[in-house]
Amino acid sequence: MAPLLKLALEIAVAMAVAVRLIITSPIILYNILRKLQNDDDPHPPPSWYTRPTRLSTNRIDLAMRPCAAQSDSLFLSLPRELRDCIYEEALGGRRVRMDVAPDHPNRRHRVVSSAAPREEGDIRVDFDEMDPLCISLLRSCRQIYLESHSLVFSHNTFVFNSESVRTCIIAGIGDWAFPALRSVCIDLDGFPAERWFFDSPELISFDLLEQMKRLRRLDFQFNQISWKKDPPIARYDPREVQKSAWGQRVCELSSLEELRIIFAWNWKMVDMNVSDPRWNDLERGLLAQIAAKRRKNL
């Protein structure tokens, strides 16, 4: 009986040590939660699938040669201001979600995208209403490409999941597009009931965000599916997050003019003015600190 009791005691101690390690290490806990969430996929892709590769930085400069005159083109005969309006309607005004998905026939992962309409002040949780970009317009001729291709990056909000943001940017957009990006949303799975997430900024690719020198708007959207009707109240004061490692990295994004911390609970947007207005105070505090740093550097 004594050996069995000793074995049971050793197992209990080992389990206690493992639980303590998981709780005190936010990175381990985060990865476990992500793994449990991904177990819903009945056919998960094998780990040996080829990962997306970085887009080449060797690009052909189409502006090296002057564009030939196209006097017979009715579209190009329009004033440039009207053409820009058409470009914005065809290529802008959307939320473009990018993610990494398995390509089973070719045994690889690839970056995929989908676009939904974006209205002013509208924060969409799902992408049921598709409105794809008219990318084929860029292939019509060299002049149209040169006039409009930057609008794809400057006039849309790009949505990335926090787990695949790095892969989607370097393999789906390319380093050369960093200066053109204006609006980005980072999707995060789970409600930050504990503060540990904000003490681990490595979970967000801030080094890539810092290369977007003209980034004007940044959203962090926390999504949670739960049997509970209402989201929990944070066990910490969200206003103190401004001093966290995450808050300080956000404040390094000196070009930001808009910052939103968004919560979606069971696919419905949460009104934080009612639920917990301290998050709105955090937004204002971060933006005030960014503006103060910007004035100091003038």
Original post:
What are the ³J(HN,Hα) values, in whole Hz, obtained from phi via the Karplus relation 6.51 cos²θ - 1.76 cosθ + 1.60 with θ = phi - 60°, for each residue of region 66-75 in sequence order, with x given for Gly and Pro?
Top reply: x, 6, 5, 5, 10, 5, 8, 8, 5, 5
Original post:
By how many nm would the segment from Met269 to Asp207 lengthen if fully extended, with 0.36 nm per residue of separation less the alpha-carbon distance?
Top reply: 19.4 nm
Original post:
Measuring from a point 7 Å past the Cα of Ile225 along Cα-to-C-beta, which residues in region 177-209 have an amide N at less than 13 Å?
Top reply: 189-190
Original post:
R0 = 41 Å: FRET efficiency of Cys67 with Asn280, Cβ-based, nearest 0.05?
Top reply: 0.25
Subject >> FRET efficiency for Asn58 and Leu298, using Cβ-Cβ distance with R0 set to 35 Å, rounded to 0.05 >> reply: 0.45
Original post:
Which cross-chain or sequence-distant (5 or more) residues have an amide H under 5 Å from the amide H of Phe158, H modelled 1.01 Å from N in plane?
Top reply: Val96, Ser183, Val184, Cys185
Original post:
Near the amide H of Glu257, under 5 Å away, which other amide H atoms are found, from residues 5 or more places off or on another chain, if H is placed in the peptide plane?
Top reply: Arg217
Subject >> Rounded to whole Hz, the Karplus (6.51, -1.76, 1.60) HN-Hα couplings of region 187-194, x for glycine and proline >> reply: 8, 10, 8, x, 9, x, 5, 10
**OP:** Take a quick pass over region 74-296 and tell me how many lysine pairs come in under 28 angstrom between Cα atoms, counting only ones 8 or more apart or on separate chains.
**Re:** 7
Original post:
So what are the ³J(HN,Hα) numbers for region 263-274, from phi and the Karplus equation (6.51, -1.76, 1.60; θ = phi - 60°), rounded to whole Hz, Gly and Pro as x?
Top reply: 10, 10, 10, 6, 6, 10, 5, 9, 7, 6, 4, 9
Subject >> DSSP-assigned coil residues among chymotrypsin sites (Phe, Trp or Tyr not before Pro) in region 163-255, each with at most 16 further Cβ atoms within 10 Å >> reply: Trp227, Tyr236
Original post:
Alpha carbon centre of region 55-82 versus region 130-148: separation in Å?
Top reply: 11
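Every read-out reported here was derived from the displayed coordinates using simple, explicitly stated rules and does not represent laboratory data. Because the structure is predicted, anything quoted here is derived from the model rather than measured. As a convention, Cβ positions derive from the backbone with ideal geometry for all residues, glycine included, and neighbour counts pool all protein chains shown.
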